[in-house]
Amino acid sequence: MWATKVDSNTDLNAPQATSIFHRGVSDGSVLHSSRISHLRNTLTPLRDLGSSTFEGGTVTTSFAHINLNNQSSLRMVQVTEDDAVAVTPPETAPSTARDAKLSVFLGSRCTRVHFVRHAEGFHNVVTRQAGHRAEPVIKAAHEEANKKALADGKSPQEAEALAKAAAVKVERVEENRPVHHATPGGEDYTDAELTEAGRNQCYALRGKMDRNLVIDPNNRTHIDLVVVSPLRRCLETADIIFGPGCSSTRPDLKPFLVNDLCRERYGEFYCDKRRAMSENKKDPKFAEWDWETQAEDWPSKCMLFSDEDTSWQPERETDEHVHERAMLFLQWLAKRPEKEVAVVTHSSFLKNLFKVFGGETSEADQDVLRALPANCELRTVVLCHHG
């Protein structure tokens, strides 16, 4: 694993420095819960919470950091499993210490976060079907772009890269056509709910977690808080996997907190437009969740807070805005007192969140961290706030 170092001349009171640490294995697949064993940096699974499990493998690194206001300088660091985090010393450190890549950062500033993408919704079904039907169109776009690039004097490698980009652009348009705001009937997928297959995905993940607890009761996941996007598919996913939550009759259970900052990237597609929060709150399953705390210290300069979805519009939320919103969400989360949190959210939100991180790592490590999560996939990271 890798983390971040603040240079020796950095103001540690600067509030904007946030880092994410993520663990993987040698073949590039993600192992969501693991422990480092032996001195050869081999990996053994604690429990199968993710999409893949491994008997062993060489540890790889996926590093991420962000500093919104450029108030501090961040470096690669190596993380231990203890309460302190090992960080890379400054360039002026002795060569032996620099080679060891060791220093100390307080583990009390770290939060383990289990990100879960919602399970399959009805919008996922129609967009997947549309993508399959559009495969000939996508292939034709790839071939045309490749041919044009070669004619323009591009190398075969450059031409292929341009062709892939063109194909991806066409694919995005075609597969999302059923839920697009200009498509007749697209509004039917507003705040789409889970399919039966999606609910079964949730039961399967919950079953894995329960079985792993039986297999290894000493290594259970102590989730202190569940944070949920207010869109219906995330509410349903969170309830099935982690519910029931704290209520007037069961105050001993973990709290569920709804936060609109971790909603899907909004605009353009009806499936990413939510119902009024008061409407979803009427459902008895969600009625006693915490819908009020999110309004405290709400970053209104980034996004207006409202019961109705006033943020959604025909134009897609920009890359820059969703990155800013994701960082504000992480900063809010890092300041929470809980040390192990589950966040049930969306694929595009997670893709854009992780895109901000890991720019100084190898392409292989970036691919692991930034891979688009599957429906109901759990991905664990460690979030550090530098003060």
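The values are calculated or read from the model by the stated rules, or taken from the named source; none is laboratory data. Predicted model only: the values in this text are computed from it and were never measured. When we count neighbours, we look across all protein chains shown, and the Cβ atoms used for this are built from the backbone with ideal geometry, even at glycine. Just so you know, the surface numbers come from the protein's heavy atoms only, side chains and all, with ligands and any DNA or RNA stripped out. Shrake-Rupley method; radii C 1.70, N 1.55, O 1.52, S 1.80 Å.
Tell me, what HN-Hα J-couplings in whole Hz come from the Karplus equation 6.51 cos²θ - 1.76 cosθ + 1.60 at θ = phi - 60° for each residue of segment 169-178, using x for Gly and Pro?
Going residue by residue, I get 4, 5, 4, 4, 5, 5, 6, 8, 4, x Hz, with x marking Gly and Pro.
Please identify every one of the GluC sites (Glu not before Pro) in segment 252-293 that sits in a loop by DSSP and has no more than 10 other beta carbons within 10 Å of its own beta carbon.
Working: sites: GLU264, GLU268, GLU279, GLU288, GLU292; in loops: GLU264, GLU268, GLU288, GLU292.
Taking segment 252-293 and a limit of 10 other Cβ atoms within 10 Å, the loop GluC sites (Glu not before Pro) found are GLU292.
Set the Förster distance to 51 Å, then compute FRET efficiency between ALA140 and THR310 from the Cβ-Cβ distance, nearest 0.05.
On the way: r = 40 Å, r/R0 = 0.78.
In this case the efficiency is close to 0.80.
Please report the accessible area of ILE138 (heavy atoms, 1.4 Å probe, ligands and nucleic acids excluded) in Å², nearest 10.
Surface open to solvent at ILE138 totals about 30 Å².
Give me the distance between the Cα centres of segment 159-196 and segment 313-387, rounded to whole Å.
Between the Cα centre of segment 159-196 and that of segment 313-387, the gap is 22 Å.
Per 0.36 nm of contour for each residue apart, how much would the distance between SER362 and ASP152 grow if the chain were fully extended, relative to their Cα-Cα spacing?
Length gained, SER362 through ASP152: 72.5 nm.
Between the DSSP loop rule and a limit of at most 16 other Cβ atoms within 10 Å, which GluC sites (Glu not before Pro) in segment 159-196 are left?
The qualifying sites are GLU193.
Which trypsin sites (Lys or Arg not before Pro) in segment 288-369 sit in a loop by DSSP (not H, G, I, E or B) and have at most 12 other Cβ atoms within 10 Å of their own Cβ?
LYS301, LYS335
Expected output is a single nm value to one decimal: the length gained when fully extending between CYS302 and ARG211, i.e. 0.36 nm times separation in residues minus the C-alpha distance. What is it?
On the way: separation 91, 0.36 × 91 = 32.76 nm, distance 4.17 nm.
Difference between extended and current length: 28.6 nm.
Give me, ordered by chain and number, the residues 5 or more places off VAL227 or on other chains with an amide H under 5 Å from its own placed amide H.
Under 5 Å from the amide H of VAL227 lie the amide H atoms of LEU257, ALA342, VAL343, VAL344, each far enough along the sequence or on another chain.
Could you sort LYS282, LYS164 by accessible area so the largest value comes first, with the probe set to 1.4 Å? Provide the component values of the computation, followed by the final result.
Working: LYS282 160, LYS164 115 Å².
Largest accessible area first, the list is LYS282, LYS164.
What lysines could a cross-link reach from LYS154, if we take a straight Cα to Cα line under 17 Å and drop same-chain neighbours fewer than 8 places away?
Within reach: LYS164.
Among all the lysines, which ones have a C-alpha under 20 Å from LYS273's C-alpha, if same-chain residues fewer than 8 places away are not counted?
Answer for LYS273, where 20 Å is the Cα cut-off: LYS281, LYS282, LYS351, listed by chain and number.
Given H placed on each backbone N at 1.01 Å, which residues far from CYS302 in sequence or on other chains put an amide H within less than 5 Å of it?
For CYS302, whose amide H was placed from the backbone, there are no distant partners under 5 Å.
Per residue of segment 316-333, what does 6.51 cos²θ - 1.76 cosθ + 1.60 with θ = phi - 60° give for ³J(HN,Hα)? Whole Hz please, x for Gly and Pro, Karplus curve as stated.
After applying 6.51 cos²θ - 1.76 cosθ + 1.60, I find 6, 4, 5, 4, 4, 6, 5, 5, 4, 4, 5, 5, 5, 5, 5, 5, 4, 5 Hz.
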